[in-house]
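Novice: Let me begin by handing over the structure; questions about it come next.
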């Protein structure tokens, strides 16, 4: 039989509570949000599916971070898209970024093969884990060169919610194992 002093029992309870809070924050359910210099916790659902009816996309969303070289990682499955989980969630203030493959190995179909067909006014939909769908409207399309800085797609300071889609574009270079450019679709959360 084990006996705990009051101090030991409080220490164990404190450690258990700390473990619960840390696992809650690390799992992504609670995230710090900076507003007026203060930090507060919010609960926000993770993105689950990306739907673009115009180009027949209905894709699962994988969470991606950074590669060892410091670039945004890509989804592992060519039929899925990758949400950059170090940035805003789709529908939150800021620029949320989702990437996907195009021009997959041996010409196999990939999720963003037809991304270039999107135009201003087209609609994109992101469904979260609870089934809530957020609508975005395309407002711009841009092709970035291989060495052109595209870091602005990750940042927004206008207080609005943006969703930027990115994929490879151009000519495949067998030596560098890269395409010559990147296609970016810029969209804003629909305001009703």
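Novice: How high is the relative contact order of region 44-189? Use alpha-carbon pairs under 8 Å, at least six apart in sequence, and give a whole percent. Numbers along the way, then the final one.
Specialist: Details: 356 pairs, mean separation 34.3, N = 146.
Relative contact order of region 44-189: 23 percent.
Novice: Residue 152 to residue 116: extension gain in nm, 0.36 nm per residue of separation minus the Cα-Cα distance?
Specialist: Details: separation 36, 0.36 × 36 = 12.96 nm, distance 1.97 nm.
Here the answer is 11.0 nm.
Novice: Continuing with this model, one more query. Tell me, in nm to one decimal, what length is gained between residue 67 and residue 129 on full extension, where the rule is 0.36 nm per residue of separation less the Cα-Cα distance?
Specialist: So the extension gain works out to 19.8 nm.
Novice: Test of understanding: what is the full-extension gain from residue 51 to residue 139, defined as 0.36 nm times their sequence separation minus their Cα-Cα distance?
Specialist: 30.0 nm
Novice: Which order results if 134, 167 are arranged by neighbouring Cβ count within 10 Å, fewest first?
Specialist: On the way: 134 19, 167 25.
Ranking 134, 167 by Cβ neighbours within 10 Å, fewest first, gives 134, 167.
Novice: Now, a different point. If R₀ is 35 angstrom, what is the calculated FRET efficiency for the pair residue 160 and residue 106, using the beta carbon separation as r and rounding to 0.05?
Specialist: Once rounded, the FRET efficiency stands at 0.30.
Novice: Sticking with this one: Divide the volume of the convex hull of the Cα atoms of region 44-189 by its number of residues and quote the answer in cubic angstrom per residue.
Specialist: Looking at region 44-189, the number lands at 108 Å³ per residue.
Bear in mind that the values in this text are calculations on the coordinates, not laboratory data. These numbers were taken from a predicted model, which means no experiment stands behind them. Every residue, glycine as well, gets a Cβ built from its backbone with ideal geometry; the counts of neighbours run over all protein chains shown.
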